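The values are calculated or read from the model by the stated rules, or taken from the named source; none is laboratory data. All values reported here derive from a predicted model rather than from experimental measurement. Positions of Cβ are backbone-derived with ideal geometry, glycine not excepted, and every protein chain shown enters the neighbour counts. When the accessible area is computed, the model is the full protein with side chains, heavy atoms only, and any ligands, DNA or RNA have been set aside. Shrake-Rupley method; radii C 1.70, N 1.55, O 1.52, S 1.80 Å.
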Amino acid sequence: MKKSGAILLLCLLGVFSKAQIPNMGGMGGKNMNVGRFYGRVVDSLSGKPVEFAVVQLHGMKYDSASKSMKPAILGGQLSEGNGDFSIEGLPPFGQFTLKIIALGYKTYEQKVSFNLNMQQMGKDAQSGNWQNALNNVDKDLGNIKISPDVKQFKEVVVDGSDPEVELKLDRKVYNVEKNLSAAGGTAEDVMKNVPSVNVDMDGNVTMRNSTPEILIDGKPTTLTLDQIPADAIASIEVITNPSAKFDASGGGGGILNIILKKNRKPGYNGSVRSNVDSRLAFGGGLDMNIREGKWNFFVNTHGNKRNSLSTGSTDRFNLIGSPLTNVYQESESENKGFFGMGRMGIDWFINNRNTLTLSGNIVSGSFLPEDVLSYRTDTLLSSGIVSSSYDRHSDTRRAFMNYGGSLQYKHLYAKAGKELTADLHYNRSTSSSGGDYYTTYFDQFATELYRLQQKSDGGGENEFITVQTDFVNPISDKRKLEAGVKTSFKEMWNYSRNYNVDVATGAETFLGTQSMNYRFFDQIYGAYVTYGSQLKKVGYQLGLRAEASYYKGELVDSTLPPFYIEYPISVFPTAFLTYQINSKQDLQFSYTRKISRPGFFQLIPFTDYSDSLNLSRGNPGLLPEFTQSVELNYMNQFSKGNSLMASVYFKHTNDLMTRYQTYEYDSVLMQSAIINTYRNADWSYSYGLEMNFKKTIKSWMDFSINGNIYNSFVKGDNIDSLLTGDLISWFVKVNTNYKLPKNFSMQLSGRYFSRTKLSTGSSGRGGGGSYGQGGGMSGIMWGSNPATAQGYTEPSWEVEASVRYEFMKEKRASLTLSVSDIFRSRVNATWSESAYFKQSTEKLRDAQVFKLAFSYRFGKFDASIFKRKNMKINTDGMDGGGGM
């Protein structure tokens, strides 16, 4: 009976066959190729999937010409995004060799077979357990670990499995999932703990004291950090010295690339989340991914209510005018609102070598800032002090809509690592703003003099298109060539209108000099090529990028003619050199050249009267600045979870675009006033030392320290002697993680910032959002850093803490409680001075805010969600086994 059961099973195998092999000496007939091996290729160090690995199965195959068995490749494929592979249509008998080849890894080989137990298979067949019998030729090889090849360009992992920070050839990758305090927050909260990065109270980001370019999934964006939910972010790539593959524009500020979550695991998976804080602001979201066969669908949604509170003060001592005046300002602000984000897309795996991805996103929000401002002026007269003051109540509103889409194509060649990609990216945003301002003026005896009502409205549109294609060709195991071209088009239109309102009648008077309507068009064309090679312990990558651009700007309602600027083709070389000291230590040197082109407000020769004490005007003769940057990195991975990375960097900039103040008579105001404008300083340089240290103290405790000390020097005495100076500054970030009993974990983070020099450089070209928030409102912009040559930010520090509890099966659910700025210590205080005034400011925003966040992960690994295979077998007339 056992023998007859086995024979019956072999007959059934023939029924389920998909391919044919010739008669193999009584091994069961022709139609028997029903075997399948499957598994997953993962990195032996990090445990992460390895995509696009070449998986081959070698064995013996019948050769009809020689009528004998010869070695051959019986099947193969490229591993998928999650590392999975499946090789089907295999003979169930015999020995095979599994071979895996991946760029940057050692070749892997393993002997495999189905090891059929004929006795057990006979029992299964006899008992009618056909599914169990067929499972014997459907074998899971599990996670197959392949080892990085240290002789090739490699990825160095700081912390074994599931690392918090990964160090790659040209970037650091910060994994957001490890940041407990960011749960339920925005990208601003994420950036606070990212190495090399600083975020001020107003959400402005700097990296090594320069403004970086913000990308999302490698593409430019018009979104601000507070419009991107933290729970939608998978990782942050910190690129301090970008290679020729990236745009040369942006100067030496580097790149922060925000990678959004996306999963391609077969089956369905996702997460739901919600959060609420101590100010009753709440939010929630959903991530969902479904994949079967050639199709992968993904969707991300998130909504968040905001309730932000801040207080501030400004003391200003004017050094010009008759009589001299001192101005004191106190403010309280509340910003309520809501924003939501939706993102969805589809991947079509046309075949193993061609993939097409279509995705779209929409972000919308509305905010209602409310400010109460007390303003007092002391006039110094010989007869004594005469004081006047006013109180202003501002109700403003801001709404925006941002939507876009992208179409991406990837082609893989038969040669491992060789690929061609093409991307089309489109983004469009609209915004509107407005406000009502009620001001009451008092004399020195606090007696009301009169009331003034003002209003403003504004809006605009922003359209951005990029087209890019890249080609990667690994010429050999140790040499690689990359090349690509890119074109970007940006058009922006923005306006603001300001009015005085008659309190008695409601009649409005348009303030033309305090209003603006402008448009600009920007085109950039670029191409690059890089070549990399490995010579024993030395690896290098040389690159060259060429860029040209065209710029047009105009004031729509002005008699001033449009202005055009064409920047001819410029070349930007880059070089990366790595030296492997041993298996744990590496050295890397890099050199890049970048450009920063002036933007609309830096160029337009129009005087902005929004602040009558601080007028602004562009300079159409402003030149672009060129920055050369060098960096030396040392990496030592002592052991799993223990590492040190030290970086020494230097940047030199020619024709630095510098904010500069003059004092002249203005015919509109009919008095002398300060004019803020721009000039090119001779040059500037900055240098610094940065260190990242990670230490695992116990299996349940680790900590990391990121420190940076730097100095910036500006030589601007070609403009003014006050434009020359420097200041050494430093900051340190400490992050400690604890794994507590009963599925609890805790994170403590602290940051300290020393006295830092206020930037005199530019913010780059372009811009976004509505310009201005109302006219005739002197002093309302004073809460921000003024455009002045000399100044610094006072030292500050903050501590935040988070506790997470994970529960349910496989820890699918979690609760995270966090608190920001525990000691209310992060006060943004500045001091600035020029030949015309001295000024100090202080601001505190959103201190001691508690937040509770919930998250639940779900999913099932299932390759056939929508289509189930019929595995039932018609056994009519076969249950007796007659004749066997």
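Scan the stretch 292-320 residue by residue and report those that are without any contact (Cβ under 8 Å) to a residue 60 or more places away in the chain and of a type outside the set (Phe, Trp, Tyr). Across the stretch 292-320, the qualifying residues are 294, 296, 299, 301, 303, 305, 307. Criterion applied to 619, 636 was being surrounded by fewer than 21 Cβ atoms within 10 Å (Cβ to Cβ), of a type outside the set (Ser, Thr, Tyr) and farther than 25 Å from residue 684 by Cα, and the one residue passing it is 636. The residue pairs whose first member lies in the stretch 90-105 and is closer than 18 Å to residue 49 by Cα and open to solvent by less than 30 Å² (accessible area, probe 1.4 Å), whose second member is of a type in the set (S, T, N, Q) and assigned to a loop (DSSP other than H, G, I, E, B), and whose beta carbons are closer than 9 Å, counting only pairs six or more residues apart or on different chains, are 100/79; 100/107; 102/79; 104/152. Only a single criterion out of (1) open to solvent by less than 10 Å² (accessible area, probe 1.4 Å); (2) touching an Asp or Glu at 6+ places or on another chain (Cβ under 9 Å); (3) not β-branched (Val, Ile, Thr) is not satisfied by residue 289, namely (2). Restricted to the stretch 397-420, and to residues that are outside any strand (DSSP E or B) and not aliphatic (A, V, I, L, M), which residue is least open to solvent (accessible area, probe 1.4 Å)? The selected residue is 417.
Every residue in the stretch 712-731 that is of a type in the set (A, V, I, L, M, F, W, C) and under 18 Å from residue 792 (Cα atoms), please.
Of the stretch 712-731, the ones of a type in the set (A, V, I, L, M, F, W, C) are 713-714, 719, 722-723, 727-728, 730-731.
The answer is 713, 714, 722, 723, 727, 728, 730, 731.
Screening the stretch 694-717 for residues that are open to solvent by 70 Å² or more (accessible area, probe 1.4 Å) and not β-branched (Val, Ile, Thr) and picking the one that is nearest to residue 802 (Cα to Cα) gives 700. Looking across the stretch 202-217 at every residue that is touching a residue at least 24 places away in the same chain (Cβ under 8 Å) and open to solvent by less than 30 Å² (accessible area, probe 1.4 Å), the one that is farthest from residue 358 (Cα to Cα) is identified as 208.
Taken over the stretch 639-655, residues that are surrounded by 17 or more Cβ atoms within 10 Å (Cβ to Cβ) and more than 27 Å from the chain's Cα centre (by Cα) amount to 1.
Do any strands (runs of 3 or more DSSP E) lying entirely in the stretch 421-520 carry at least 3 residues that are of a type outside the set (Val, Ile, Thr) and either surrounded by fewer than 19 Cβ atoms within 10 Å (Cβ to Cβ) or touching a residue at least 12 places away in the same chain (Cβ under 8 Å) (or both), and which ones are they?
Details: elements: 448-476, 479-501, 508-510.
Ranges flagged: 448-476, 479-501.
Can you tell me which residue in the stretch 622-633 is surrounded by the fewest Cβ atoms within 10 Å (Cβ to Cβ), limited to those that are farther than 30 Å from residue 537 by Cβ and of a type in the set (A, V, I, L, M, F, W, C)? Top of the filtered list is 623.
Looking for something more than 31 Å from the chain's Cα centre (by Cα) and surrounded by fewer than 21 Cβ atoms within 10 Å (Cβ to Cβ) - is there at least one such residue anywhere in the stretch 591-606? Yes, there is a match, as at least one residue in the stretch 591-606 is more than 31 Å from the chain's Cα centre (by Cα) and surrounded by fewer than 21 Cβ atoms within 10 Å (Cβ to Cβ). Against the test of being within 19 Å of residue 802 (Cβ to Cβ) and either at pLDDT below 90 or open to solvent by less than 40 Å² (accessible area, probe 1.4 Å) (or both), the options 747, 773 yield a single qualifying residue, 747.
Results for (1) surrounded by 18 or more Cβ atoms within 10 Å (Cβ to Cβ); (2) part of a strand (DSSP E or B); (3) hydrophobic (A, V, I, L, M, F, W, C); (4) modelled with pLDDT under 85, shown as yes or no for each residue.
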{"position": "297", "(1), (2), (3), (4)": "no, yes, yes, no"}
{"position": "300", "(1), (2), (3), (4)": "yes, yes, no, no"}
{"position": "304", "(1), (2), (3), (4)": "yes, yes, no, no"}
{"position": "307", "(1), (2), (3), (4)": "no, yes, no, no"}
{"position": "317", "(1), (2), (3), (4)": "no, yes, yes, no"}
{"position": "321", "(1), (2), (3), (4)": "no, no, no, yes"}
{"position": "330", "(1), (2), (3), (4)": "no, yes, no, no"}
{"position": "337", "(1), (2), (3), (4)": "yes, yes, no, no"}
{"position": "380", "(1), (2), (3), (4)": "no, yes, yes, yes"}
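I'd like to know if the stretch 856-869 contains one or more residues that are under 18 Å from residue 756 (Cα atoms), at pLDDT 90 or above and surrounded by 13 or more Cβ atoms within 10 Å (Cβ to Cβ).
Applying the first criterion (under 18 Å from residue 756 (Cα atoms)) to the stretch 856-869 yields none.
No, that holds for no residue.
For the condition outside any loop (DSSP other than H, G, I, E, B), modelled with pLDDT under 85, within 28 Å of residue 699 (Cβ to Cβ) and in contact with a strand residue (DSSP E or B) (Cβ under 9 Å, 6 or more places away or on another chain), what is the one hit in 188, 166?
Details: 188 fails: within 28 Å of residue 699 (Cβ to Cβ).
None of the other options fit; the residue is 166.
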